[in-house]
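Participant: Sharing a structure, written as structure tokens. Questions coming.
The values are calculated or read from the model by the stated rules, or taken from the named source; none is laboratory data. This structure is a prediction, so every number in the text was calculated from the model and none was measured. A quick note on method: Cβ atoms are made from the backbone with ideal geometry, for glycine too, and the neighbour counts reach across all protein chains shown. Each accessible area value is taken on the protein alone, full model and side chains, heavy atoms only, with ligands, DNA and RNA left out. Shrake-Rupley method; radii C 1.70, N 1.55, O 1.52, S 1.80 Å.
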Amino acid sequence: MNRTSLFPAAASGIRPAPLSRTGPVTVPVPAAVRFRAACPDCRGRFELAAAALRLAIGATSRTTFYTFTCPECGASVRKPAGERIIELLTGGGVRTLRLHTAL
């Protein structure tokens, strides 16, 4: 089995230092990422930038949701977020809040 290096070999023979794995890894997300959403109050349909959404991840499905403000009527909207929605929103750069329960 051949081993593949994660770092390209430099022409000068100098190898880059390996990455430190001590914290979360920031993944660059294009600024053009947009999410389709709908308002249950005015029934408007629109696209929102990642900065317009907030994701809260709780201990249960009832406490895991995303929120945004409707750009058409100004209503505050809160919708449940399943596993697929969480994956899409976090991958798209939406700010996330992890909710902890008090013991």
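Participant: Any idea how many residues of the range 50-103 are in contact with a strand residue (DSSP E or B) (Cβ under 6 Å, 6 or more places away or on another chain) and small (Gly, Ala, Ser)?
Facilitator: The total comes to 4.
Participant: So, in the range 49-70, of the ones that are in a loop (DSSP other than H, G, I, E, B) and surrounded by 15 or more Cβ atoms within 10 Å (Cβ to Cβ), which residue ends up modelled with the lowest pLDDT?
Facilitator: So, considering only residues that are in a loop (DSSP other than H, G, I, E, B) and surrounded by 15 or more Cβ atoms within 10 Å (Cβ to Cβ), the one modelled with the lowest pLDDT is GLY58.
Participant: If you don't mind, there's one more thing I want to ask. Are there any pairs with C-beta distances below 6 angstrom linking a residue in the range 46-64 that is touching a residue at least 12 places away in the same chain (Cβ under 8 Å) to a residue that is in a helix (DSSP H, G or I), with the two at least 6 apart or on different chains, and if so which?
Facilitator: Every condition considered, the pairs that remain are LEU55/LEU89.
Participant: Filter the range 86-101 for residues that are among the charged types (D, E, K, R) and either over 8 Å from the mean Cα position of the chain (by Cα) or outside any strand (DSSP E or B) (or both) and give the result. Lay out the reasoning, then the answer.
Facilitator: Let us first name the residues in the range 86-101 that are among the charged types (D, E, K, R), namely 87, 95, 98.
If the condition is that a residue be among the charged types (D, E, K, R) and either over 8 Å from the mean Cα position of the chain (by Cα) or outside any strand (DSSP E or B) (or both), then GLU87, ARG98 are the ones that fit.
Participant: Restricting the search to the range 80-103, which residues are open to solvent by less than 50 Å² (accessible area, probe 1.4 Å) and not β-branched (Val, Ile, Thr)?
Facilitator: ALA81, GLY82, LEU89, GLY92, GLY93
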